[in-house]
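S.K.: Quick one: this structure, given as structure tokens, is what I'll be asking you about.
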Amino acid sequence: MFGSLLLAAQTPQHQAMPKAGNANGPATPPPDQDLRGHVVRPRASHAGKRVEYDLYVDERTVNFTGKTRLAIAINGQIPAPTLRFTEGDTAIIRVHNQMSVETSIHWHGLLLPNQEDGVPYLNTAPIEPGTTHTFTFPLIQSGTYWYHSHTMLQEQSGLYGSIVIQPNAVKYELKEYVLVLSDWTDHPPKEVLRYLKRAGEWFAVQKGATQSYGEAIAAGYFKDKVKQEWGRMPAMDITDIYYNKFLTNGREKGYFKDAKPGEVVRLRIINGSASSYFYLQYAGGPMQVVAADGINVEPFPVSKLEIATAETYDLLITIPPAGAAELRATANDITGYTSSYFGAGEPLKAPDLPRINYFQMMREMGSMGNMAGMDMGGNGQLDPNGKGMKGMKGMNMQGSSGGDMPGMDMKDQQPNQAPAMPGMNMQNGTLPASTTPSPQTRPMNEQEKGGKSMGSMQDQGGGMAGMSMGGGMAGMSMGGSGGDFTYNQLRALNPTTLDSSRQWRDIRLTLTGNMRRYLWSFDNKTLSEADKIPIRRGENVRMTFTNLTMMRHPLHLHGHFFRLVNAQGAYSPMKHTFDIPSMGTVTIEFEANETQDWFFHCHILYHMMSGMARVISYDASPQNEFAKTGYQVLKREDNAVYPWADLAVHSQGAYLEANLSNNRNALEFEGRVNYQGNYETETHLLRYLDKQQLWAGFVGFDFRDNKTLRSAADAEGGNRRTLENNRNFRRQAEFGLYYLLPMLVRAELRTDLTGQLRLRLERRDLPLSNNVFMDISGNTDKEFSLGFRYMVGKYASLSTNYDNQYGWGAGLTFHY
């Protein structure tokens, strides 16, 4: 099935692990060494055992779906080999690029010197074809981490692998397995991004998620659908892409028959997907969460755990007395899953999750919009200046600081009121003092002790009463039946509050986006428009994020761990990646203890490549030498030009629409021709004028000659008046405005150099059923057209249309 791809990395590797209680109870993390005083040293002073790896990056053919496709492998493997170290080792990793294009490797979650971080043109020079780059850095932490390409979309093609760092102070006796979750598309990733940019419908068709008017009427949601489009909202979805397969360690199904009945094993789970969240369920009973993002937490049981893109979790599971228990990872849009079976014998299946009711989700979103008075702004995001944002005040989807909710007093959880505790010790996932918050000198109050006050704020699942922390607002099912796990259940082993004597810097960012044009940004600006966030070494940084989009975003900060402020107050967990749900607010805090520039971005690969990224930049720090000239390459990546076109070949004529666009500009062409030699073309160069891209100004040219529609005198050229500026003959430059009206109707008002005005209204892609779409347009020149398309594939539709000048026709429409 896998063609020429060697998947040697799938063989489970076992390590000795410390005892973790028994099958009936959670693991009790043993004490670990105190790493205060450790810092990342220059490579010349590295100490400890040298552990060396050679990684050969090349292209390989794979077959995950029955179709042979080109992928990127390391040492012939997808995923790449597991790199194993012990805390205190020095890693020496030689990356050999055997491809014809440049590549890179980022060490996700590792604390290391800036020049070793692996982001090309920012921290590390790109690894050019035919060259080798050697990474050298000390391992000053332990836990579960991973590595992946940070070059364009290479991660989606298979360039990712796992890292396991054992603690140096303790030894374990549990068997362990590393599971790398991923998603796979048979389409080239660059083509996937181009298709998202053109707002193509095929991914939604494949998922049954077009949310058409026909389906809305049948299900009793017609008014909700009209309300949605009246607010200029495109159809909602959980994810952007339809994936052909979901994989664990490169396989749809994996079997671990060496796991013995009654045995407790440790799972190191890494979400190495490009853009998928997963629900984890185990058929053998509850799972014990013991670590998040490589850092140990107080253990707690869950029946279902949602893992965001780029996160890692360590879980303990018990092997059943008989049979092979399934650990199922279901994509959160419920379009597929990947399974791992532990034990021998008959398979014990994990429960199926129900399909998503998109119309119910649409209604609940609409109800929340009414509740808060939200203006959706025409592109699938809240208007941060709208009156309704006042109604969102105090709503913190993380259950953390800043809340105005009744009965909730979060004052005692602020960072300048920390308890007196010894230095932080994260055990199997330790952080050095250079990243670990400093201890404070105040006795814990009732909330910080986990006493009655804190208990009254939590439900049985660990979240705040009445709020679903796992994704979306209260009562909303954002995927399947929701999740048992919430971030509020994550509790650090020791206090994580920062040193209150340090100066604080507060940074607030809104997550913004345009679902129609597939732009993702912070504060309505992409990386190419606003790149750096300045901070100063030695201060505490608090970042507060509000997600105004209809999508979820896993945000990752390079080179740092941060406090994910939650209901645990002083014991908020340390992480490097966090999920922020739609309309949610999340606060993180970290000690600015580095220098130079560090990348911060959404880890949904296509969101990052569309602009949702920033650079955390330390003041007065020198740039890496190659970044002085190469940094502009990184900044320009989100502003690439993408083409698309639709060509309808019908019985009465041919119709072409083509587009070249980047973030703020577009070149649009529209033309038609029939078999009598009549033709019309319009070409417009436009620029979007407002942050929500509802308005656009354009200049262009209208060139047409409908010969057979003119009078006989016109056809003979005897009547010059008929060759003047009119709907059948035109040679005119023009300029005007576009505006997106409610119901996603595009209005065009233009004038030419003779002063003639024309108003045109157009609605494209109106969904009538899951596969059937309608286009309709008319203008004040009394031109009218109506068309229908039945999509049979990503690149083709059966189509018919009526044009009041060319008549009825039918044929095929080709999509690019």
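The values are calculated or read from the model by the stated rules, or taken from the named source; none is laboratory data. Quick caveat: nothing in here was measured; it's all calculated off a predicted structure. In this analysis, Cβ positions are derived from the backbone assuming ideal geometry, glycine residues included, and neighbour counts consider all displayed protein chains.
S.K.: Tell me which of these Y195 doesn't satisfy, since it passes every other one: (1) buried (at least 21 other Cβ atoms within 10 Å of the Cβ); (2) hydroxyl-bearing (S, T, Y); (3) under 30 Å from K175 (Cβ atoms).
M.R.: (3)
S.K.: Turning to a different aspect of this structure: Under the condition of being at pLDDT below 95 and assigned to a loop (DSSP other than H, G, I, E, B), which residue from the stretch 620-643 is surrounded by the fewest Cβ atoms within 10 Å (Cβ to Cβ)?
M.R.: Checking each candidate, the answer is A620.
S.K.: A follow-up question, please. Please go through the stretch 101-153 and pick out each residue that is touching a residue at least 60 places away in the same chain (Cβ under 8 Å), closer than 29 Å to Y313 by Cβ and either of a type in the set (G, A, S) or not assigned by TED's automatic domain parsing to the domain that holds A310 (or both).
M.R.: Listed by number, the residues that qualify are G109, S142, G143, S149.
S.K.: Moving on to the next point. Given the condition under 27 Å from the mean Cα position of the chain (by Cα), surrounded by fewer than 24 Cβ atoms within 10 Å (Cβ to Cβ), charged (D, E, K, R) and at pLDDT 95 or above, answer yes or no: does some residue in the stretch 121-139 qualify?
M.R.: The answer is no; no qualifying residue exists.
S.K.: Sticking with this one: Here is a check on your reading of the model: is A80 touching a residue at least 60 places away in the same chain (Cβ under 8 Å) and under 24 Å from G630 (Cα atoms)?
M.R.: When the stated conditions are applied, A80 does not pass them.
S.K.: May I ask you to list pairs of residues, at least six apart or on different chains, whose Cβ atoms are under 8 Å apart, with the first in the stretch 261-283 being closer than 20 Å to G294 by Cα and the second being at pLDDT below 95 and hydrophobic (A, V, I, L, M, F, W, C)?
M.R.: Close Cβ pairs satisfying both conditions: V264/A20; V264/A23; V264/L174; V265/L174; R266/M17; R266/A20; R266/L174.
S.K.: So the check is Cβ under 8 Å with 6+ separation or different chains; which pairs have a first residue in the stretch 735-763 that's without any contact (Cβ under 8 Å) to a residue 40 or more places away in the chain and over 20 Å from K782 (Cα atoms) and a second one that's small (G, A, S) and surrounded by fewer than 13 Cβ atoms within 10 Å (Cβ to Cβ)?
M.R.: L753/A733
S.K.: The conditions are (1) touching an Asp or Glu at 6+ places or on another chain (Cβ under 8 Å); (2) surrounded by 18 or more Cβ atoms within 10 Å (Cβ to Cβ), and S797 fails exactly one of them. Which is it?
M.R.: The one condition S797 does not meet is (1).
S.K.: Name the residues in the stretch 322-342 that are out of contact with any Gly (no Cβ under 6 Å at 6 or more places or on another chain) and either outside the structural domain of G254 (by TED's automatic domain parsing) or under 27 Å from G262 (Cα atoms) (or both), would you?
M.R.: Within the stretch 322-342, E326, L327, R328, A329, T330, Y337, T338, S339, Y341, F342 qualify.
S.K.: Looking at (1) part of a strand (DSSP E or B); (2) modelled with pLDDT under 95, find the lone condition where L740 falls short.
M.R.: (2)
S.K.: Answer with yes or no whether F85 is in a strand (DSSP E or B) and buried (at least 19 other Cβ atoms within 10 Å of the Cβ).
M.R.: yes
S.K.: Let me ask you something else. Say we look at the stretch 709-737 and pick out the residues that are of a type in the set (A, V, I, L, M) and assigned to a helix (DSSP H, G or I); which of these is modelled with the highest pLDDT?
M.R.: By that ranking, first place goes to L709.
S.K.: Being surrounded by 18 or more Cβ atoms within 10 Å (Cβ to Cβ) and under 27 Å from the mean Cα position of the chain (by Cα) is the filter here; which residues of the stretch 168-186 pass it?
M.R.: Y177, V178, L179, V180, L181, S182, D183, W184, T185
S.K.: Restricting to the stretch 756-812, count the residues that are under 24 Å from L737 (Cα atoms) and in a loop (DSSP other than H, G, I, E, B).
M.R.: Within the stretch 756-812, residues that are under 24 Å from L737 (Cα atoms) and in a loop (DSSP other than H, G, I, E, B) number 5.
S.K.: What number goes with the only condition from (1) modelled with pLDDT of 90 or more; (2) buried (at least 21 other Cβ atoms within 10 Å of the Cβ) that N706 does not pass?
M.R.: Answer for N706: the failing condition is (1).
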